[in-house]
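K.L.:
What follows is a single structure, and I will ask about it in a moment.
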Amino acid sequence: GNFVQKGCGMKKIWASWALVLLLAAPAIDQTGGFSGHGAEGRKAQVSEIKNLDDDNMVTLTGNILSKTGDEKYNFSDGTGTVTLEIDDDIFNNMTIDPNQRVEIYGEVDKGIISALEVDVKRINKIN
């Protein structure tokens with residue numbers, strides 16, 4: 001005889017919806033995350049990051065000195081300078097001038113063509 005599986009259609013539909021909801025859920029709230037030891041990346045100085053591997057996460061403290069191009073900024077911590085790439089939305093409506101000390105969290109980006117940069121993921125003013 002023929003093999004017949006009953007009730008299969010509805011299970012597939014519900015499974016599909018469950019998958020859709022599961023995949024959609026992370027897009028709803030992306031404000032949380034881990035905030036303990038290790039979450040800030042390696043606390044580093046500009047003079048050290050040239051020795052770090054590409055894609056290392058670092059935290060730097062210093063000053064944004066100037067804007068050098070589209071989403072490109074010159075940053076110094078007193079040990080050297082590095083180019084930061086900061087997407088406009090990372091500033092989150094903050095106004096930062098060269099006298100404002102900041103803590104930045106970002107990813108070391110050693111491009112084949114471009115020079116060393118830090119792709120900033122978060123920026124905080126230091127009072």
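The values are calculated or read from the model by the stated rules, or taken from the named source; none is laboratory data. As the structure is a prediction and not an experimental result, all values here were calculated from the model. Note that each Cβ is placed from the backbone with ideal geometry, even for glycine, and that neighbours are counted across all protein chains shown. SASA here: full protein model, heavy atoms, side chains in, ligands and nucleic acids out. Shrake-Rupley method; radii C 1.70, N 1.55, O 1.52, S 1.80 Å.
K.L.:
Cβ contacts < 9 Å: first residue within 12 Å of Lys125 (Cα to Cα), restricted to segment 87-101; second residue open to solvent by 100 Å² or more (accessible area, probe 1.4 Å), any location; separation 6+ or different chain. Result?
P.N.:
From segment 87-101, the pairs are Arg101/Asn127.
K.L.:
Sticking with this structure for a sec: Taking segment 81-124, which residues are over 17 Å from Lys67 (Cβ atoms), more than 14 Å from the chain's Cα centre (by Cα) and modelled with pLDDT of 95 or more?
P.N.:
Of everything in segment 81-124, just one residue is over 17 Å from Lys67 (Cβ atoms), more than 14 Å from the chain's Cα centre (by Cα) and modelled with pLDDT of 95 or more, namely Arg101.
Results for (1) open to solvent by less than 60 Å² (accessible area, probe 1.4 Å); (2) in a strand (DSSP E or B), shown as yes or no for each residue.
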| residue | (1), (2) |
| --- | --- |
| Asp53 | no, no |
| Ile64 | yes, yes |
| Tyr73 | yes, yes |
| Val82 | yes, yes |
| Ile90 | yes, no |
| Tyr105 | yes, yes |
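K.L.:
Determine whether Leu19 is modelled with pLDDT under 60, surrounded by 10 or more Cβ atoms within 10 Å (Cβ to Cβ) and assigned to a helix (DSSP H, G or I).
P.N.:
Here the answer is yes, as Leu19 does meet what is asked.
K.L.:
Now for a different question. Scan Glu48, Glu40 and give me the residue that is in a loop (DSSP other than H, G, I, E, B), of a type outside the set (Phe, Trp, Tyr), at pLDDT 55 or above and open to solvent by 50 Å² or more (accessible area, probe 1.4 Å). It would help to see each step written out before you state the result.
P.N.:
Working: Glu48 fails: in a loop (DSSP other than H, G, I, E, B).
Sole residue among the options that is in a loop (DSSP other than H, G, I, E, B), of a type outside the set (Phe, Trp, Tyr), at pLDDT 55 or above and open to solvent by 50 Å² or more (accessible area, probe 1.4 Å): Glu40.
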